[in-house]
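All of the numbers you see were taken from the coordinates with simple rules; none came from a lab. These numbers were taken from a predicted model, which means no experiment stands behind them. Cβ sites come from the backbone with ideal geometry, for glycine too, and all protein chains shown count toward neighbours.
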Amino acid sequence: MSKYYIFDFDSTLTKVEGLDILAEITLTNNPKQKEIIEEIIKITNLGIDGEISFTQSLERRIKLLNAKRSDLKLLIKELKKRVSASIERNKEFFESYSENIYVISAGFKEFIDPIVAAYNIPTERVFANTFEFNKEDEIIGFDRNNVLSSHNGKIQCLKDLQLKGEIQVIGDGYSDYVTREAGVAHKFFAYTENVQREKTIENADYITPNLDEFLFINDLPRNISYPKNRIKMLLLENIHIDAYEKFSNDGFTVETVSRSLSEDELIAKLEDVHVLGIRSKTQVTEKVLENAPRLLAIGAFCIGTKQIDLEACKKHGVVAFNAPYSNTRSVVELAIGEIIMLMRSVFQRSTELHNGEWNKTAQGSREVRGKKLGIVGYGNIGKQLSVLAEALGMDVYYYDVEDKLALGNATKMNSLSDLLAISDVVTLHIDDNALNKNYIGEKEISQMKDGAHLVNLSRGFVVDIQALTAALKSGKLAGAAVDVYPEEPRKNGDFFTELKGLPNVILTPHVGGSTEEAQRDIADFVPGKIMAYINSGNTVDAVNFPNIRLPKQQNSHRFLHIHQNVSGVMANINKVLAKYDLNIVSQFLSTDPKVGYVITDVDKDYNQEVIKELKEVGGTIRFRVLY
């Protein structure tokens, strides 16, 4: 049985209502433009929801428009920019099924025909109203004999077409869903990509957030294999709202949870989740990954990835991304601030005043200018701190286990002990390698200058807290600033550290990168990487996978294949493709010691047997059809 696809135009094929945009054009110089447009939109919605007859809606809007025929050229130009995103990316469907597609709209052929012509829909399959013009080419009304100008006109229009087969109506309003209720359509799809109307959704057989979903349900040709709205993302730990908006605006389904989750809670949540976003508190263990069958990617919205079992991710074909640079400036600014506060004994003086004690003194208060700053770890943060500290007049020294080029006038030290011995302030910016546990302990503290200061904004376990506490109490060190701790609570609340109460210590609750600017930058960077992977297969900047940057291919299908790095996999993949006579347009492969990642673009349609055999290639970890 043939199937016919009946599309609405306004707010379905386009993101907007045509007459609303025409109003913006014609009322540009009208001092009451805002009020008139609001009234037009109100009337539009009343008609769409069935609160007033469509004839009434048209009459009232046209009177307010004050439009001319010449204005339609500008309207058409504007509407071409406002085609719905998923409609635009699925031109192949419109080209392949042209004879089965109709546009039935309460809008006007004068501006609908030029838009849908680009999608291979000829004027004879467009049914819409037409304007009436006077001798001055002003729009004065509409053809009242046109069936679509009357209430429930779409029902009569469909009856008159006498289409033999299954009729599916796709639209956003009252006049669309009543076609199914009247029995002239077999299915009604509520199209919600641009606008969501409660009554429309309530009366729908299916809710389709985009054309991809409609095509997926009907197993029709589409630009992407799996609709984005079916890809579910879970964001934990109060990740910045910008991340939610980026994912949502790209069409993904997003759930947010304000706190971290325990292992059991996470397993329960991840049953149908494709992408997980976390910060530093949620632990992603191998047990979690074993129970997350659909998980494709993890985004760490922070620098560190210690909380993620990266090897287990690799084993299960889960790609992980982080934000290694986004909060660099925030950490550096806190380090600079704390160095100044420590050198000036600001916190001691502040505490005294809070206790009602006036103690104006220069004792223990020194400028940072001319003092020696020792930076341990000369990575992104260490280097930027080096530049800013030098601008303050400090003499900068640094030590790193890798050979790093000095910035500005910084001096490279050949050993940690040499750096500790000369520094007035030592600041730590080293990674979360387990070998760095107690990197600064009793021995290292003893090598520091008497009266020096220590700042730790890196990892809690790199400093022996007991040794640091003893050195502060004895006066060996004049002060310390600590932002990270060997053990940190999973949520805000009570906390204890041996450093509590010491007057020469600045304590902060792991907020080095917690600024609005940093969280916003992270919420921009990490989603970008995840969407590039989900949408095109790119793994650039992944922390646990071979990095591949891929061009977007047109008129081809893309297969993503993650496999164990064993011999023969590539050969077997290509054997399957050759067996089904699939020509390879392009192929990309990158490996590390444990996994291989191969992307294959083929130039013709395939059947499900190809997919089945590719999934069964020996060593396969995960296989995905992208588009």
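Suppose R0 equals 35 Å. What FRET efficiency, 1/(1 + (r/R0)^6) with r the Cβ-Cβ distance, do Leu388 and Thr285 give to the nearest 0.05?
Numbers: r = 38 Å, r/R0 = 1.09.
Efficiency, rounded to the nearest 0.05: 0.35.
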Quiz item: Tell me which lysines have Cα within less than 24 Å of Lys32's Cα, excluding those fewer than 8 residues away on the same chain?
Solution: Lys42, Lys63, Lys68, Lys73
Exercise. Write down the Kirkwood hydrodynamic radius of segment 546-625, to one decimal in angstroms, obtained as one divided by the mean of 1/r over all alpha carbon pairs.
Key: 12.7
Quiz prompt | P(r) of segment 228-321 over all Cα-Cα pairs, binned every 10 Å from zero, in whole percent | solution = 17, 56, 26, 0
Practice problem: Just add up the charged neighbours of Lys232: K/R +1, D/E -1, any other residue whose Cβ is under 11 Å from the Cβ of Lys232. | Solution: +1
Exercise. Two decimals is fine: what is log10 I(q)/I(0) at q = 0.21 Å⁻¹ for segment 127-216, from a Debye sum with one equal scatterer on every Cα and no solvent?
Key: -0.99
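State the number of lysine pairs found in segment 103-186 whose Cα atoms come within less than 22 Å, restricting to pairs 8 or more positions apart or on distinct chains.
4
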Quiz item: Number of Lys-Lys pairs in segment 328-514 under 13 Å by Cα, sequence gap 8 or more or different chains?
Solution: 9
Self-check item: Convex hull volume of the chain per residue (C-alpha atoms, cubic angstrom)
Solution: 219
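Take the Cβ-Cβ distance between Lys612 and Gln33 as r, set R0 to 45 Å, and report the resulting FRET efficiency rounded to the nearest 0.05.
Values: r = 59 Å, r/R0 = 1.32.
Once the sixth-power term is evaluated, E becomes 0.15.
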Self-check item: Helix-only CD estimate at 222 nm, as mean residue ellipticity for the chain, using -39500 (n - 2.57) per DSSP H run (n ≥ 4)
Solution: -10000 deg cm²/dmol
Self-check item: Of Val617, Asn574, Val585, farthest towards positive along the dipole that unit charges on Lys, Arg, Asp, Glu beta carbons give segment 568-626
Solution: Val617
Quiz item: Hey, what angle do you get for helix 516-536 against the long axis of the chain, alpha-carbon based, 0 to 90 degrees rounded to 10?
Solution: 50
Quiz item: In the neighborhood of Gly153, defined by Cβ-to-Cβ distances under 13 Å, what is the net charge if each Lys or Arg adds +1 and each Asp or Glu adds -1?
Solution: -1
Practice problem: Sort Asp541, Asp160, Asp205, Asp219 so that the residue with the fewest other Cβ atoms within 10 Å of its own Cβ comes first and the one with the most comes last. | Solution: Asp219, Asp160, Asp205, Asp541
Quiz item: So how much slack lies between Asn223 and Lys500, counting 0.36 nm per residue of separation and subtracting their Cα-Cα distance, in nm?
Solution: 93.9 nm
Practice problem: Would you tally the net charge around Thr508, using a Cβ to Cβ cut-off of less than 15 Å, leaving Thr508 out, and scoring K and R as +1, D and E as -1? | Solution: -2
Quiz prompt | Residues listed by number, segment 182-202, amide nitrogen under 11 Å from Leu64 label point at 7 Å toward C-beta | solution = none
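Taking each pair of distinct Cα atoms in segment 526-565 once, what is the resulting Kirkwood hydrodynamic radius in Å?
Values: mean 1/r = 0.0899 Å⁻¹.
Hydrodynamic radius (Kirkwood, Cα only) of segment 526-565 equals 11.1 Å.
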Quiz prompt | Helix 569-579 vs. the chain, principal-axis angle (Cα, 0 to 90°, nearest 10) | solution = 10
Exercise. Grab segment 228-321 and count how many Lys pairs have their alpha-carbon atoms under 16 Å apart, sequence gap of 8 or more, or different chains.
Key: 9
